[in-house]
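J.: My questions will all concern the structure given below.
The values are calculated or read from the model by the stated rules, or taken from the named source; none is laboratory data. What you see is a predicted model, and the numbers here were worked out from it, not measured in a lab. With ideal geometry, Cβ positions are generated from the backbone for all residues, glycine too; neighbour counts draw on all protein chains shown.
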Amino acid sequence: MFRNQYDTDVTTWSPAGRLFQVEYAMEAVKQGSAAIGLRSKTHVVLASVNKANSELSSHQKKIFKVDDHIGVAIAGLTADGRVLSRYMRSECINYSYSYESQLPVGRLVVQLADKAQVCTQRSWKRPYGVGLLVGGLDESGAHLYYNCPSGNYFEYQAFAIGSRSQAAKTYMERKFETFTEASRENLIKDALFALRETLQGEKLTSSICTVAVVGIGEAFHILDKETVQALINEFEIAGEEAPADETAPQDQDGDAQPAAADQGPADQGVAPMDM
Amino acid sequence: MTKEHANWSPYDNNGGTCVAIAGAEYCVVAADTRMSSGYNILTRDYSKIAQLADKCSMASSGFQADVRALQKHLEARHLIYQHQHNKQMSTPAMAQLLSNTLYYKRFFPYYAFNVLGGLDSQGKGCVFTYDAVGSYERVGYSSQGSGSTLIMPFLDNQLKSPSPLLLPAKDAVTPLSESEAIDLVKTCFASATERDIYTGDKLEIVILNAEGIRREYMELRKD
């Protein structure tokens, strides 16, 4: 009821004790295309949906390498995400320069959160409109954090953000107890399954998603398209639950999908500014 | 009327010698591992060679504290480059960066005498040689440090190509094979060790080629 009166700038409280500008920023995250993260004891997997505006344009980059041991997946205003990734890279480089060791993930997310908080308490700024899933490894093990525009951050076993992320979260809530001890391959498989949940029936192919892994003895890197497609085929998650054999080309599964999916749910959830 | 001079210097010379030789498809970068101060030996086992990129190494003699600071600076800059360009820096790019970095401290220099060696983007060997404030040149071979006055004339004798003023123009790259270049380097250091008190203990050789990077060591006289 009072939203319109108290939402002009971030330094105005509402009578109910809310900062609407910050909440609007979190709304921007919900409108972005999905990004998910899950972790085991030894690995963290980040995955995101990458939809291009048109066939002619390139895909938006949503997963960034921050350092050998840390990567980040974003949802929301990707430009804000890019800028924050640059900040995170800079912090990691400065830390290794000074201490000749890797910046612990927990320290990085606190710095990131403090940076976000500043923007919630300055009249000439606006909050960052991006949610970040920070996945990384340090001496205390594998970690996955979610950083919010509000300046809050939480550690997770598995999480999903962006549009239709609830579908992925539901899948992961069912399976998260298996994640800690999961092997690297199963963790990636679960990530792809969870990602597929957010597509609402649209066919999962390596051209619309990005997957990245970091683990003990494995520097953060984004898996290339061929590897991802091979994994999708191997885990038979290209189309519906049709138990097609592994050698069958994905065309068989997805024939009906492209025509229907393109006009339908595909466009609704994604906000213009995410592209 | 005589000017008063400082009774403290921010610099020290830790001695040592560095050599690099460029081949058609390889590059050899070598340095001794002795670190000294005055007539004392601080350690017999200190590496002066830093790997700045997959196909680029730098050997530096002089004041090792400054050398280490310079190496860390370049490593950090290389990380930034990789984030921005999604690839490793080429050796000529690193050469320019090193020059700019050195000149940046023109009025309080890094006391570092550097040779940069690596493969260029065609896979050919390249060596760049520097002074303390960043003046640099691409050459086929070079040496720096306390033993350089002993080694350089020998390398000139063995490797020097005819003057660039002569036509037809000749390559700066040495027609030696990789194993011949390594043997030459070992000979250089064995000789320099005899007469230069700051050079000795052990020789570290880094060989960069298409297969990657490898290290060899050779014992030197310890006196």
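J.: For the range A:158-176, name all the residues that are in contact with a strand residue (DSSP E or B) (Cβ under 6 Å, 6 or more places away or on another chain) and either part of a loop (DSSP other than H, G, I, E, B) or among the basic types (Lys, Arg) (or both).
T.: Within the range A:158-176, A:GLY162, A:LYS169 meet the criteria.
J.: Here are some residues: B:ALA50, B:ALA20. Which one is in a strand (DSSP E or B), within 14 Å of chain A (Cβ to nearest Cβ), within 12 Å of the chain's Cα centre (by Cα) and of a type outside the set (Lys, Arg)?
T.: Answer to the selection: B:ALA50.
J.: Checking A:VAL22 against (1) touching a Pro at 6+ places or on another chain (Cβ under 8 Å); (2) free of Cβ contacts under 8 Å to residues at least 24 places away in the same chain, only one condition comes out false. Which one?
T.: Condition not satisfied by A:VAL22: (2).
J.: May I pose another question? Scan the range A:61-75 and give yes if some residue there is within 13 Å of chain B (Cβ to nearest Cβ), under 13 Å from A:GLY136 (Cβ atoms) and of a type in the set (Gly, Ala, Ser), otherwise no.
T.: Yes, because at least one residue in the range A:61-75 is within 13 Å of chain B (Cβ to nearest Cβ), under 13 Å from A:GLY136 (Cβ atoms) and of a type in the set (Gly, Ala, Ser).
J.: Say whether the condition of being within 14 Å of chain B (Cβ to nearest Cβ) and at negative phi is met by at least one residue in the range A:138-145.
T.: Within the range A:138-145, not a single residue is within 14 Å of chain B (Cβ to nearest Cβ) and at negative phi.
J.: Please specify each residue of the range B:26-44 satisfying the condition of being in a loop (DSSP other than H, G, I, E, B) and under 22 Å from B:THR187 (Cβ atoms).
T.: Those that are in a loop (DSSP other than H, G, I, E, B) and under 22 Å from B:THR187 (Cβ atoms): B:THR33, B:ARG34, B:ARG44.
J.: Let me ask something additional. If you scan the range B:83-95, which residues turn out to be surrounded by 15 or more Cβ atoms within 10 Å (Cβ to Cβ) and not hydroxyl-bearing (Ser, Thr, Tyr)?
T.: Listed by number, the residues that qualify are B:HIS83, B:GLN88, B:MET89, B:PRO92, B:ALA93, B:MET94, B:ALA95.
J.: Right, next: Among the residues of the range A:196-215 satisfying the criterion of being among the aliphatic types (A, V, I, L, M) and farther than 19 Å from A:VAL72 by Cβ, which is surrounded by the fewest Cβ atoms within 10 Å (Cβ to Cβ)?
T.: A:ILE208
So that you can scan it fast, the table gives a plain yes or no per residue for (1) farther than 24 Å from A:SER183 by Cα; (2) crowded, with 24+ Cβ neighbours inside 10 Å; (3) at pLDDT 95 or above; (4) touching an Asp or Glu at 6+ places or on another chain (Cβ under 7 Å):
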residue	(1), (2), (3), (4)
A:GLN5	yes, no, no, no
A:ALA16	yes, no, no, no
A:MET26	yes, no, yes, no
A:LEU38	no, yes, yes, yes
A:PHE64	no, no, yes, no
A:VAL72	no, yes, yes, no
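J.: State all residues of the range B:70-80 that are of a type in the set (A, V, I, L, M) and more than 10 Å from every other protein chain (Cβ to nearest Cβ); if no residue qualifies, say none.
T.: Hits for the range B:70-80 are B:LEU70, B:LEU74.
J.: Looking at the range B:110-126, which of its residues are touching a helix residue (DSSP H, G or I) at 6+ places or on another chain (Cβ under 7 Å) and under 25 Å from B:THR149 (Cα atoms)?
T.: Result: B:TYR110, B:TYR111, B:ALA112, B:ASN114, B:LEU116, B:GLY118, B:CYS126.
J.: What are the residue pairs meeting all of these: first residue in the range A:91-103, first residue at the interface with another protein chain (Cβ under 10 Å from one of its Cβ atoms), second residue charged (D, E, K, R) and not in a helix (DSSP H, G or I), Cβ atoms under 8 Å, and 6 or more apart or on different chains?
T.: So the pair list comes out as A:CYS92/A:ASP67; A:ILE93/A:ASP67; A:SER96/A:ASP67.
J.: Against the conditions (1) part of a loop (DSSP other than H, G, I, E, B); (2) basic (Lys, Arg); (3) free of Cβ contacts under 8 Å to residues at least 40 places away in the same chain, where does A:LYS203 fall short? Just the number, please.
T.: Answer for A:LYS203: the failing condition is (3).
J.: While we're here: Could you please give the count of residues in the range A:135-148 that are under 14 Å from the mean Cα position of the chain (by Cα) and assigned to a loop (DSSP other than H, G, I, E, B)?
T.: 1
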